[in-house]
Amino acid sequence: MTPRRKRLLIICLSVAGLAIAAGLILTAFEKNLMYFYSPTEVAEGAAPESRPFRLGGMVVDGSILRQPQGLGVFFTVTDYAHERVVYYEGILPDLFREGQGIVANGQLNDTGVFVANEVLAKHDENYMPPEVADAVAAGKARSGASGGAPAGNL
Amino acid sequence: MAEFIAMGGYGAYVWSSYAIAALVLGVNAVLARRAERAVLHALARDPNGDDDDAPA
Amino acid sequence: MFAFLHKYASLMHFYRLSARWSGWLALATALLMAYGLYGGLVTAPADYQQGDSYRIIYIHVPSAWMSLFVYMCMAGAGAVALVWKIKLAEIWLRASAPIGASFTFLALVTGSIWGKPMWGTWWVWDARLTSELVLLFLYLGIMALDNAIEDRRTGARAAAVLTLIGVVNIPIIHYSVEWWSTLHQGPTVSKLDRPSIHIDMLIPLLVMAVAFTTFYFAAALARVRGGILAYDRNTSWVRDMVGREAARGHG
């Protein structure tokens with residue numbers, strides 16, 4: 001084998017070896033790298049009981065209940081299989097609204113309510129002008145689609 | 001024009017992003033051109049590499 | 001086999017050819033940037049959800065794409081440098097690093113500025129943001145490693161090895177939003193489906209991406225030309241040019 005071919009082989013093997021190693025490490029740490037738990041995972045007990053964790057889901061239409069005094073607000077998040085009530089006191093991000101994806105940082109209290117100390121809004125990967133968005137929404141309403149499937153990922 | 005600058009209330013965020021971009025790209029452009037000329041001038045001053053500490 | 005390519009790898013040949021390209025690339029960058037900025041800031045409509053804040057996309061996304069593209073160019077140059085020991089590849093890798101690092105920095109900073117009003121935070125340690133930050137460290141590490149080694153050629157080869165090792169981060173960055181649950185949303189353009197962005201918003205984005213690309217080649221080329229002169233300093237063609245430059249300086 002020429003020296004050049006040998007160098008090429010060494011490089012290819014090293015890169016491949018590293019890729020495999022990285023892949024193994026990443027799958028091993030998958031739990032830790034996952035950024036949030038879904039309501040289903042919380043319902044199944046996969047989320048920590050007495051430590052803060054992140055809960056991610058879509059805000060259920062009509063579930064936002066603002067307290068008459070102060071900044072407290074209740075809302076429900078869903079992953080379309082399970083739901084979880086969230087309570088938060090604080091300023092909500094601009095994108096927070098019904099049907100929006102959110103990620104909340106906090107803990108479950110004794111009654112199973114997720115008390116959040118931080119609520120972040122996700123946005124999906126769609127960009128369009130308001131007229132187009134209205135047209136899409138009107139089209140969905142006409143075809144009888146219920147406010148179910150999200151536009152983007154959770 | 002005022003609307004354009006206000007960017008629907010997000011003006012500070014939008015314009016600071018564009019300003020930082022202009023700065024970063026501008027610095028890159030200037031340094032790149034300088035790098036080319038600096039080598040030429042350095043070689044003009046010292047064509048035999050007498051001033052260098054170590055072999056190139 | 002690649003004998004005819006070796007001619008273009010000749011430093012002198014490349015130096016002479018590239019004199020023309022620099023000018024055209026700079027002009028193209030200026031025109032494309034002007035067109036893209038006008039499109040992004042003026043003619044593109046506001047977003048139904050994010051209003052005018054989404055216009056940061058016209059800096060953020062092209063920067064992010066370039067941070068990956070430049071790294072892949074460096075990886076390609078690095079492989080060529082290590083396997084075929086082509087000097088031009090070494091020079092190209094070294095020239096690209098600071099530019100790629102700048103794009104990565106820009107992507108991170110504009111992303112942070114965009115995230116504050118939209119997500120509600122300047123930063124999260126999700127897979128997308130973390131892996132892009134790792135990319136910035138990789139760029140800086142490559143530059144530091146090259147700088148630390150006295151011999152120019154050894155330094156370039158060490159940088160090439162580190163670049164190739166870090167290549168594994170590139171698919172991680174791209175697929176991070178699909179492999180893990182992240183705050184950062186999924187791909188809008190670079191997916192196998194139709195882009196989920198309105199055409200009036202998409203066109204300035206693509207124009208800016210091309211503008212950033214020509215910028216990269218223009219800036220890298222300037223650095224490469226300096227690198228060529230340094231590498232070939234003891235050749236007659238460089239000595240002649242330097243002599244003429246010195247005479248002009250003293251004239």
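The values are calculated or read from the model by the stated rules, or taken from the named source; none is laboratory data. Since the structure is predicted, the reported quantities are computational estimates derived from the model, not experimental observations. Counting neighbours? That spans all protein chains shown, and the Cβs are built from the backbone with ideal geometry, glycine included. Calculation scope for accessible area: heavy atoms of the full protein, side chains included, ligands and nucleic acids excluded. Shrake-Rupley method; radii C 1.70, N 1.55, O 1.52, S 1.80 Å.
At 1.567 mPa s and 4 °C, plugging the Kirkwood radius over alpha-carbon pairs of the range C:33-135 into Stokes-Einstein gives what diffusion coefficient in µm²/s?
84 µm²/s
Between the chain alone and the structure with every protein chain in place, find the residues of the range C:69-86 that drop at least 30 Å² of accessible area; heavy atoms, 1.4 Å probe.
Buried by the other chains: C:Leu82, C:Val83, C:Trp84.
Tell me, in nm to one decimal, what length is gained between B:Ile20 and B:Met1 on full extension, where the rule is 0.36 nm per residue of separation less the Cα-Cα distance?
This chain segment gains 4.7 nm when fully extended.
What residues have an amide H closer than 5 Å to that of A:Tyr127, excluding those fewer than 5 places away on the same chain, when H is modeled at 1.01 Å from N in the peptide plane?
C:Ile197, C:His198
What nm value, rounded to one decimal, do you get for the distance between A:Ala141 and A:Ile64 when each label is placed 7 Å out toward the C-beta?
Here the answer is 1.8 nm between the modelled labels.
Tell me, what is the FRET efficiency for A:Phe74 and A:Asp134 to the nearest 0.05, using R0 = 41 angstrom and their Cβ-Cβ distance as r?
0.90
With a 1.4 Å probe and all protein chains left in place, how much of the accessible area of the protein assembly as shown comes from carbon and sulfur atoms, in whole percent?
63 percent
Report the percentage of all Cα-Cα pairs in the range C:57-235 whose separation exceeds 23 Å, rounded to a whole percent.
44 percent
Suppose all protein chains stay in the model; what accessible area per residue would a 1.4 Å probe give for the protein assembly as shown, in Å²?
Per-residue value: 50 Å².
In terms of solvent-accessible area of protein heavy atoms at a 1.4 angstrom probe, what is the ranking of B:Tyr18, A:Tyr87, highest value first?
I get A:Tyr87, B:Tyr18, largest accessible area first.
Over chain C, what is the mean sequence separation of C-alpha contacts under 8 Å (at least six apart), divided by residue count, expressed as relative contact order in percent?
About 31 percent, as a whole number.
Can you find, among A:Pro129, A:Phe75, C:Tyr139, the residue farthest towards the positive end of the dipole of the protein assembly as shown? Put +1 on the C-beta of Lys and Arg, -1 on that of Asp and Glu.
Going by the charge dipole, the pick is C:Tyr139.
Hey, any idea what Rg/Rh is for the range A:62-120, computing Rh the Kirkwood way over Cα pairs?
Over the Cα atoms of the range A:62-120, Rg/Rh equals 0.92.
Between C:Ser236 and C:Leu31, what is the label-point separation in nm under the 7 Å Cα-to-beta-carbon projection?
Going by the 7 Å Cα→Cβ label model, 4.0 nm.
Please compute, for the alpha-carbon atoms of the range C:121-170, the extent along each of the three principal axes and give them in descending order in Å.
Sorted largest first, the three principal extents are 44, 20, 7 Å.
Identify all aspartates and glutamates with a Cα-Cα distance to C:Lys87 below 16 Å; exclude those on the same chain that are fewer than 8 residues away in sequence.
By straight Cα distance, C:Lys87 reaches C:Asp146, C:Asp151, C:Asp232.
Need one number: the % of Cα-Cα pairs in the protein assembly as shown sitting beyond the 39 Å mark.
34 percent
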